[in-house]
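Here the structure is laid out as structure tokens; the discussion comes afterwards.
The values are calculated or read from the model by the stated rules, or taken from the named source; none is laboratory data. Just so you know, these numbers come straight off a predicted model, no measurement behind them. With ideal geometry, Cβ positions are generated from the backbone for all residues, glycine too; neighbour counts draw on all protein chains shown.
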Amino acid sequence: MKVIFLFVDGVGMRPPAVDNPVNPEVCPTLCRLIARHSVPIDACLGVDGLPQSATGQSTMFTGVNTPKFMGRHCEGFPGPSLRQLIEKDNLFLQLKQKNLRFRFADAYLVDTADELASRRFKSVTTVMALTAPESISTESDLLDENAVMQDLTRETVQDRRPDIPLVTPEDAAEHLFSIARAYDFTLFEFFQTDVAGHSMDYDRACGVLRSYDLFLATLTRLTEAAGITVMLTADHGNIEAMEERGHTRNPVPFVVFGPKEREIRAPVKSLADVTPAILRLWN
């Protein structure tokens, strides 16, 4: 069983609206997957307030309802309490205990994991990856096409690293597919959707979604032929309501496309069910 997990930051489910760029004209592949291969799941987790990244992502990757653990939704980078919880137990550590091969496909522009560990601010996925340093992708991996930049095309790093060649979203999909063939579980995080959602710039949001959709169309075509299961979800809503600068309380899609998709989707009702659903694949 091989799985690609696509974490897409800030994409909720909402009926069609003039300020909702998540529609078939902008991103037909994503909308098709949501319509045919997903269930809506809860990102609020029984805690008042708008769902946020630190607690949403830590819930997704530990199976612990971290907003309830913290007593609130926590935004941005995880603080000491959340970091300690993630470092104690997370999806990567559980996969490691099962002797499975896994990879975090997002490239860090570092030479070593030690260089990454020295950074002051770390995302949930970075904290998790550092508990299994063998999962980390470095700059050399990116240049060898064994990693993918978080924006797919590498455009966001051109101002400081013009020596890194640009690629198309379709190229990025082929690179991710090639990586996934060597591992049981491959994670790829895309957060430009959340950045665009906060901008309240509808045209920018459409551009980000169109780029991701080209990537997604190529990836699903390749994985379907190879029998690889693709899973996709978000930590909270945002880009589906462009007239709001903040996050939303909308449910997020839990997409599963490929072998065992119905079996995987059935028990997942909230972000806290995502990691347990993944681990059950190898019980």
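If we keep just the residues of segment 31-58 that are surrounded by 23 or more Cβ atoms within 10 Å (Cβ to Cβ) and of a type in the set (A, V, I, L, M, F, W, C), which is nearest to ARG265 (Cα to Cα)?
ALA43
Taking segment 186-232 as the region of interest, how many residues are farther than 22 Å from GLU155 by Cβ, part of a strand (DSSP E or B) and touching a helix residue (DSSP H, G or I) at 6+ places or on another chain (Cβ under 6 Å)?
2
Could you please let me know if ARG72 is farther than 17 Å from THR275 by Cα and part of a helix (DSSP H, G or I)?
For ARG72, the condition - farther than 17 Å from THR275 by Cα and part of a helix (DSSP H, G or I) - is not met.
Within segment 26-69, track down each residue that is of a type in the set (Val, Ile, Thr), assigned to a loop (DSSP other than H, G, I, E, B) and in contact with a Leu (Cβ under 8 Å, 6 or more places away or on another chain). Don't jump to the end; show me each part of the working.
Here is the first cut: in segment 26-69, the residues of a type in the set (Val, Ile, Thr) are 26, 29, 34, 39, 41, 47, 55, 59, 62, 64, 66.
If we keep only those that are assigned to a loop (DSSP other than H, G, I, E, B) too, we end up with 26, 47, 64.
Scanning segment 26-69 gives VAL26, VAL64.
Mind telling me which of the residues THR112, THR156 ends up being within 23 Å of ASP9 (Cα to Cα) and surrounded by fewer than 19 Cβ atoms within 10 Å (Cβ to Cβ)?
It is THR156.
I'm trying to understand the selection: among the residues of segment 131-148, which are surrounded by 21 or more Cβ atoms within 10 Å (Cβ to Cβ), under 28 Å from CYS74 (Cα atoms) and in contact (Cβ under 8 Å) with a residue 40 or more places away in the chain?
SER135, VAL148
Would you check which residues across segment 235-279 are under 25 Å from ALA225 (Cβ atoms) and in a helix (DSSP H, G or I) and list them?
Listed by number, the residues that qualify are GLU261, ARG262, GLU263, ILE264, ARG265, ALA277, ILE278.
Assess whether ARG72 counts as being more than 23 Å from THR186 (Cα to Cα) and modelled with pLDDT under 95.
no
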